[in-house]
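Comments concern the structure below.
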Protein chains: 2
Amino acid sequence: MKSSDDPTVGGAKSSEDPPAASPRASDGVRGHRSSAASEASEQRTGPRISIEAFRALELRVGTIRAAEPHPNADRLLVLRVDLGSEERQIVAGIRAHYDAAALVGRQVVVVANLEPARLRGVESQGMVLAATDSERDRVVLLHPDEPVPPGGVVR
Amino acid sequence: MKSSDDPTVGGAKSSEDPPAASPRASDGVRGHRSSAASEASEQRTGPRISIEAFRALELRVGTIRAAEPHPNADRLLVLRVDLGSEERQIVAGIRAHYDAAALVGRQVVVVANLEPARLRGVESQGMVLAATDSERDRVVLLHPDEPVPPGGVVR
């Protein structure tokens with residue numbers, strides 16, 4: 001497994017302050033995983049969380065209105081995401097997996113209440129959720145079965 | 001807007017101890033929303049969360065292996081969800097929106113480290129994520145763009 005499938009997308013942590021050593025931290029992508037191989041078989045040993053902890057998270061459906069390459073990071077895209085009541089700029093580590101132009105109009109799932117962070121000099125106002133396909137070295141965005149109005153709550 | 005589109009799916013809270021008053025609490029579905037109408041325009045006033053708080057949540061892709069009606073709740077389905085290394089029983093409030101048989105083989109996104117809970121007498125070992133389409137009174141499951149191996153990490 002290569003390390004190039006780092007699934008971390010978006011960001012709410014300064015790239016100057018990576019939470020853990022990672023080959024990808026230098027790309028401004030948070031280094032909170034070791035490798036796809038270890039992750040596929042990973043058994044979490046951390047504590048279970050309460051439903052209250054889950055509810056502290058604000059997940060919403062957003063519609064991508066624009067997507068362009070990050071000016072300073074080969075692996076990142078800068079998205080404009082419509083959340084209904086507002087539009088967010090979100091930096092996502094999916095440039096190796098998605099064509100920017102093809103993303104426009106797509107719906108994604110956004111962590112909408114993360115603290116903003118600068119990733120390689122570009123502010124990210126949230127995070128886009130994606131799944132890891134470690135077998136194929138892919139990062140795969142999530143979307144709702146059917147389009148929903150932007151801002152729709154996910155829970 | 002009807003209250004019948006309660007999007008809460010799965011569960012990790014006892015139905016005997018609903019966290020908030022709700023018309024749906026009696027169905028064993030957590031009553032943590034007011035109405036679809038208020039939700040669509042909702043502006044969260046709660047605090048932003050850190051990336052660490054987000055990371056405390058374990059989100060994984062799962063494949064539904066079986067789905068059947070909850071024996072004691074008209075709005076709930078009981079799912080068997082393959083997370084790769086294990087299979088989970090998850091109670092989901094999607095019975096009004098999805099045909100049980102048609103769910104088998106589908107991929108969903110699971111909150112995999114929630115405290116287990118009994119919902120109307122059936123244990124739920126996690127929660128399935130779904131989006132709310134309040135305009136059409138629908139609850140819409142999430143899935144990855146492409147199938148990924150069960151257990152794939154979402155972040």
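Evaluate the following for A:Val122: is it within 11 Å of the chain's Cα centre (by Cα), over 19 Å from B:Pro47 (Cα atoms) and free of Cβ contacts under 8 Å to residues at least 60 places away in the same chain? The answer is no for A:Val122.
Of the residues making up the range A:107-125, those that are outside any strand (DSSP E or B) and under 24 Å from B:Leu114 (Cα atoms) are A:Ala112, A:Asn113, A:Glu115.
Within the range A:116-139, the only residue that satisfies the criterion of being surrounded by fewer than 24 Cβ atoms within 10 Å (Cβ to Cβ), at the interface with another protein chain (Cβ under 10 Å from one of its Cβ atoms) and touching a His at 6+ places or on another chain (Cβ under 8 Å) is A:Arg138.
Evaluating B:Val81 against the criteria (1) under 13 Å from the mean Cα position of the chain (by Cα); (2) farther than 16 Å from A:Ala131 by Cβ; (3) away from chain A (no Cβ under 12 Å); (4) touching a residue at least 40 places away in the same chain (Cβ under 8 Å) leaves one unmet condition, (2). Can you confirm whether A:Asp99 is without any contact (Cβ under 8 Å) to a residue 60 or more places away in the chain, facing another protein chain (nearest Cβ under 8 Å) and surrounded by fewer than 19 Cβ atoms within 10 Å (Cβ to Cβ)? Here the answer is no, as A:Asp99 does not meet what is asked.
Quick grid of which residues meet (1) farther than 19 Å from A:Leu57 by Cα; (2) at pLDDT 95 or above; (3) of a type in the set (D, E, K, R); (4) assigned to a strand (DSSP E or B):
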| residue | (1), (2), (3), (4) |
| --- | --- |
| A:Met127 | no, yes, no, yes |
| A:Glu135 | yes, no, yes, no |
| A:Val140 | yes, yes, no, yes |
| A:Pro150 | no, yes, no, no |
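The values are calculated or read from the model by the stated rules, or taken from the named source; none is laboratory data. Everything numeric in this text was worked out from a predicted model, so none of it was measured. Because the Cβ atoms are built from the backbone with ideal geometry, glycine has one as well, and the counts that use them run over all protein chains shown.
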